[in-house]
Every structure is written in C-alpha cells, then in structure tokens.
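The values are calculated or read from the model by the stated rules, or taken from the named source; none is laboratory data. The structure displayed is predicted, hence computed values, not measured ones. Cβ placement follows ideal geometry from the backbone for every residue including glycine, while neighbour counts extend to all protein chains displayed.
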Amino acid sequence: MANYYDIDGILMEEEFVPVVFQKAINGVNIDESTEKGCVEQGSKTELPFWLAHELHMRQAVSISVPTCFNQKTRLEIQADAACVDLRSRCPYFYEFGCKLAPLCDKSIGLLLSYAFQIRYKEVLHKAHTTAFAAASKFLMLLTKEETYLYEAAQSSMLAFKKWRMGGPRLQRASILGRKRKPAE
Amino acid sequence: MYARKGYELVKDLANGEKGQLQPFNEDLFNQVVDQCTQHYLELQALISYGNRKMQEESVDVRETRNSDHYGALIHHLSLIRNKRCLMAYVHNRAEVIQNFAWKVGLELLELPEEIQEKLSPSEKNYFGKHSSALQSYMAEVGIDLNVGPWTDHISVTERWVIMYHYAMVALADEEGYKAYDSISRETRVYDPKSKMEQEFANWICLTKDMVPPKDPYIKVRVLDDMGEGILLSDKTANLARHSMHFLKRTDAEQYIARGLMEELTG
C-alpha cells in the first residue's frame, strides 16, 4: 500500500470502475435510487476502486475497463498524446491505470508508458519555456501527477535563477499563505 | 454511497493550497463519524441476523449466509475506508501545524490571528506540546554537550567538528562571531565551566536559519505597524511601518518569518 495518510492516494482510490456482481449481497444499498437493500447476482454498477478491489479479491465482483481507458481514449492518445485532455477523464490517470492493469486489462500498462513518454517531454519543455499566463490553458490538460512534475520543473528553474542572480535569504514563511495586500 | 463522507472530508483538505491550513471542518468531520456509527450498526445487525439464521437452519442456509457475509464485508470495508480518511485529515493537518512551530514561532500567541482561528482546540493543544517538546530538546542538547560525561573523552578533532557546527549557528550573532574567531585549533582546551562553552550551548536554536550569514547584521524594512519600544537583544527600537533598520540577523529572523519585515539586499 502507498502511504496510508497520502491524500492523493485516497482521492485516486475513489475513482469509479464498472463492475458486475458475481454474488448476491444482502443488507447494502449500493444504488441509492432503488432502495432495495440488496444486490442480485449478475447486476451491473459502478463502485469506487477501493471497494471494487477488495471485493474482486474475494471473487464477489468482476471488474471491467473504465471509460477513461476505453478505445476512444486509446485512439486519441495514439494520434497525439500531448493534446489529450486526461484530467477530465481521470485526474490520477497513471496511478489509477497502474492499479487497474493487473485486475482487468494488462494492455493498459503499454498505453500508460506510451502516453507518459510523449507527454513528459512536453511537460518539461513547457515548464521551462512558457510564461505563467500562457501555460494555464496547457495546465488544464494535465493529470495530477503531471501537474506535480510541472511544478517541480518550474520551481527548480526558479531556484536556479535565484541562485544565479542572488536575493534575500530570509523570507516570509510560505506556510502562512500568500502575502496579504497591504491595508490602505 | 459508501464511505462517501470520508472522501468529501479529504477532498476538502485537498482543495486548499498545498501545505497551508484551512479552518478545521468540524461539521463534516462529525458527519464522517456519524456515518461510521451507522456502518457499524448495520454491520452488527447483519452479523446477529446471520447468527440467528444459522440456529434456525432454514432451507438454503449457505446461500443466504454468503450474501449476508458480503453485505457485512462491504460495511466493514467502508468503516476502514472512513477511518483512513479521518486519520489522513488529522495527520496532514498535524504536519502543517508542526511546521508552524519550526518556521514561525514557538508560542501560540506568536502565530498570526487568522492562523490561530483555523485551529481546533485539540490542535492548539498539539501545537503547544510540540513546541514545548522542541524547546526542551534544544535545551537538553545544550546541557548534554556541556556536562555530558562523553565530552571529556572526545578528541580535539571531534570537538572541533562540534564547535564548528555551533559556530555555524553562532555566526549569526556578534558575540558568537568574536568567540568563534578567538578559538585556535591547537591551543584550545575544553573547560565545561568556561563562559564561552556555556554560551555556545545557549545559542543552539534549531529553528534558526542554519546557513552561516556573511554579516551578523542585515538591513530590513518594516512592513506592518509593530508598536514602539520593541525590545531587541542589543537595543530597543521604534519599528514604525515602512521604516528601515539595521538589525541583528537573529533578531530580525522571527519577524521576517511572520511577514512583518522584509530583508533588503544590494
């Protein structure tokens, strides 16, 4: 398991996957619209990954490929990986894919590494060259993992510039948040 | 949906800027706890129901038992999931709060008011305990190095390494700078009672900037009204807003961290 307290880990495991129940289940209300209080064998629904994974290990459900890894996305990634809006499909595209690949479709792994190779180059390139205002449109396309990479690249570039130019060592603790505007 | 409240709580934490504090979401926090209680009750009901069924030995016992078992499992997993969300929420906030003690100030009153308002009572308690632990550790390190039995036996080189480390910190202070300057590597003999030895111990403050400065004094500009006659280590100063001063770096450091001053360079 990744870090137990990891916020991103928790959010990633909340992504939904389509499942088919292999067993009947009593006393739960998975689909809130029906209020039947039970689930029949063979019924289909979507569950968050953390639940689906545990049930899958006990052979209670079978997992199928979620929409963010479907054929349409694959084709788009093959066409031009750098321009695909992965964030709206799944903000934790890579982490989620890694967890999912052994459970339903091994070919997800290839897709991930192909997409990452191309997008990584683009992320670094943009992080070092683009001005902040122009980058915001590009940032909308990135997944959470790519955003962290982008920020890391940018902050190392800033640190390098600061080292070259020199500047004050002591600064307001960043933990206090952005500087307030001085009261008029 | 199952354990959904826990997710909302973590989401609330994630929406804030990284490494910064949001007000403690007491309302949602309690809702998660309530949801846990509910999962627990349903889990209990399913288990006791299953036990009763088993005693009655009805027709397709195994089939119903299995589906009850999976129902209980889902409630159990939801409980664990909610627990993880609650723990992560508290843990990640605690880390930020620890950082306050290291970077801003060791007393709660030293923190800006808008930060104090964001802490829950137990977090304030945690902050107080963490700073006092930090303070007592710093005091202890000083004492240890002064009277610890091992200091009598260590070699001159080792002593030099320790002194150098102290000196890095002490350089920020003019007194320390002079003392450091006067140490000669060959002639120096360790005397735990010497004034300089004790002073070095007092200078240890782990929350200070560890990089030795080029000059013990720095130029600062005051950004906010701080009141008159503030007591610094070598003088009292009238720190009006926008005024510029030439202060000891050690004095200025804490005010800069809190955003009341800025360092001027060049």
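Considering each residue of segment B:233-246 in turn, at least one proves to be at pLDDT below 70, in a loop (DSSP other than H, G, I, E, B) and within 25 Å of B:Trp102 (Cα to Cα). Just one residue in the set A:Cys83, A:Cys90 is touching a Phe, Trp or Tyr at 6+ places or on another chain (Cβ under 8 Å), surrounded by 12 or more Cβ atoms within 10 Å (Cβ to Cβ) and more than 14 Å from chain B (Cβ to nearest Cβ); that residue is A:Cys90. Residues that are under 26 Å from A:Ser88 (Cβ atoms), under 17 Å from the mean Cα position of the chain (by Cα) and at pLDDT below 85 within segment A:1-53 comprise just one, A:Ala2. Inspect segment A:108-122 for any residue being in a loop (DSSP other than H, G, I, E, B), over 17 Å from the mean Cα position of the chain (by Cα) and not assigned by the TED database to the domain that holds A:Glu13 and give the result as yes or no. Checked against the condition, which is being in a loop (DSSP other than H, G, I, E, B), over 17 Å from the mean Cα position of the chain (by Cα) and not assigned by the TED database to the domain that holds A:Glu13, segment A:108-122 yields no hits at all. For segment B:211-223, the set of residues classified as facing chain A (nearest Cβ under 8 Å) and either surrounded by 14 or more Cβ atoms within 10 Å (Cβ to Cβ) or at pLDDT 80 or above (or both) consists of B:Pro213, B:Ile218, B:Leu223, listed by residue number. Among the residues of segment A:118-147, those identified as closer than 22 Å to A:Phe160 by Cα, surrounded by 14 or more Cβ atoms within 10 Å (Cβ to Cβ) and either at pLDDT 85 or above or among the basic types (Lys, Arg) (or both) are A:Tyr120, A:Glu122, A:Val123, A:Leu124, A:Lys126, A:Glu146, A:Thr147. Look at (1) touching a strand residue (DSSP E or B) at 6+ places or on another chain (Cβ under 7 Å); (2) buried (at least 19 other Cβ atoms within 10 Å of the Cβ) and you find that A:Glu46 fails only one, number (2).
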